[in-house]
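The block underneath contains the structure these notes are about, expressed in structure tokens.
The values are calculated or read from the model by the stated rules, or taken from the named source; none is laboratory data. None of the values given here were measured: they were computed from a predicted structure. Virtual Cβ from ideal backbone geometry, glycine too; neighbours counted across all protein chains shown.
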Amino acid sequence: MLPARLALSTALLATLSFAVAAEPLVLQATQLKALGIETRRAAEAGGGRSGTLPARVLVPNAQMRVISAPVAGMVEVLNVAPGESVKRGQVLAQLASPQALELQRDALQSGSQAQLLQQSLKRDELLFAEGLIPESRLQATRAAAAQAAAQASERRQGLTLAGVTPGKLGGPLALTAPIDGVVLEQGAQLGQRVESSALIYRIAKLDPLWLEIQVPQVHTAGLKLGMPVKIANSTVSGKLIAIGRAIDAASQTVLLRAAVSEGADTLRPGQVVEVELELAVGDKQQRLPATALVRNQKETLVFVQATAKDQQVQFEARRVRVISQSGDTVLVEGVAANDVIAVKGVSGLKAMLTGVGRE
């Protein structure tokens, strides 16, 4: 019987504690001052931000190009330097390349051979039509002409890939800009001998830019594509375009990517900045200072001002659900935008709450 009575007593005390805790706490003006209690409307309490997070400025992949040496050679001319703007088609560098001469020679020879075999094919077709040569000879000539044409096409494509002008021998190999952009990096020096695929320049279009943000996994609730992103203490802004689906095993963070549309010209690739995420919340979701929350018997509470008159202020303890936390602000559900919340001195209110519960 004793365990049953103990369980019944515990349940009764819990019910009484809940009922008492639901009663408003009444404070005089002098008590408010002594406890240092400050209040603010929920819509204004969070400061309109979820804290700052570190981010790195990157160039979108589609806006970057690498200018490399298509063949081995010597850097003969460098027309631009890092930081300069370039236009599409502008000659950035010139190479002196014996390999380019070999490609031009091979292309001319294969082109001439293909023309010669085409002429032989036409002659053999006439001779076969007159019955002067067997069909086997015509078929052999056709096969040779087709092979020569394929080889000539292959050599022409090789010239195109190497950026070599077909149809003539000699002259430097010009490397041109494929897009409008800015030179980010120079990978070769004047007079340097380079191998095929060696980096000469890296250029990029710098508007828009990306921000890569590493966010702790516990703070990702409520994030949505299209949310505004702002760089702290500046007017540079953009929006969230990607939310990572994987968690980094070492740091337990999720990768976010934002596109900066306004003020991108003030940023530099590789720069580390602090960003603010403007979380969009519903009517029952508000951002509050972490100091406004208290824990009581596995519940998270805030103190909402019920009335204020005749030198008395009443507060009621209200349960809230924490959705996310970042920095010193917390996104909660359970209060409305117009609710007046105690944001400072809540430890005194908690003491009164638990004291009432023990009485």
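If you check residue 222 against the conditions, is it at pLDDT below 85, in the same structural domain as residue 266 (by TED's automatic domain parsing) and not aliphatic (A, V, I, L, M)? For residue 222, the condition - at pLDDT below 85, in the same structural domain as residue 266 (by TED's automatic domain parsing) and not aliphatic (A, V, I, L, M) - is met.
Within the bounds of the stretch 201-221, is there any residue that is in contact (Cβ under 8 Å) with a residue 60 or more places away in the chain, loosely packed, with under 14 Cβ neighbours inside 10 Å and closer than 30 Å to residue 77 by Cβ? The answer is no; no qualifying residue exists.
If you scan the stretch 129-140, which residues turn out to be loosely packed, with under 13 Cβ neighbours inside 10 Å, of a type in the set (A, V, I, L, M) and part of a helix (DSSP H, G or I)?
Of all residues in the stretch 129-140, those loosely packed, with under 13 Cβ neighbours inside 10 Å come to 129-132, 134-136, 139-140.
Add one more test, that the residue is of a type in the set (A, V, I, L, M), and what stays is 129, 132, 140.
Once the filter is applied, which keeps residues that are loosely packed, with under 13 Cβ neighbours inside 10 Å, of a type in the set (A, V, I, L, M) and part of a helix (DSSP H, G or I), the stretch 129-140 yields 129, 140.
Go through (1) crowded, with 16+ Cβ neighbours inside 10 Å; (2) part of a strand (DSSP E or B); (3) outside the structural domain of residue 264 (by TED's automatic domain parsing) for residue 241 and report which single condition fails. Failed condition: (3). Do you know which of the residues in the stretch 141-164 that are surrounded by 15 or more Cβ atoms within 10 Å (Cβ to Cβ) and modelled with pLDDT under 80 is nearest to residue 88 (Cα to Cα)? Once the filter is applied, the top-ranked residue is 163. Screening residue 222 against (1) in a strand (DSSP E or B); (2) in contact with a strand residue (DSSP E or B) (Cβ under 7 Å, 6 or more places away or on another chain); (3) not hydroxyl-bearing (Ser, Thr, Tyr) leaves a single unmet condition, (1). Do we have any residue at all in the stretch 300-311 that's in contact with a Leu (Cβ under 8 Å, 6 or more places away or on another chain) and either in the same structural domain as residue 214 (by TED's automatic domain parsing) or at pLDDT below 90 (or both)? Checking the stretch 300-311: not a single residue is in contact with a Leu (Cβ under 8 Å, 6 or more places away or on another chain) and either in the same structural domain as residue 214 (by TED's automatic domain parsing) or at pLDDT below 90 (or both).
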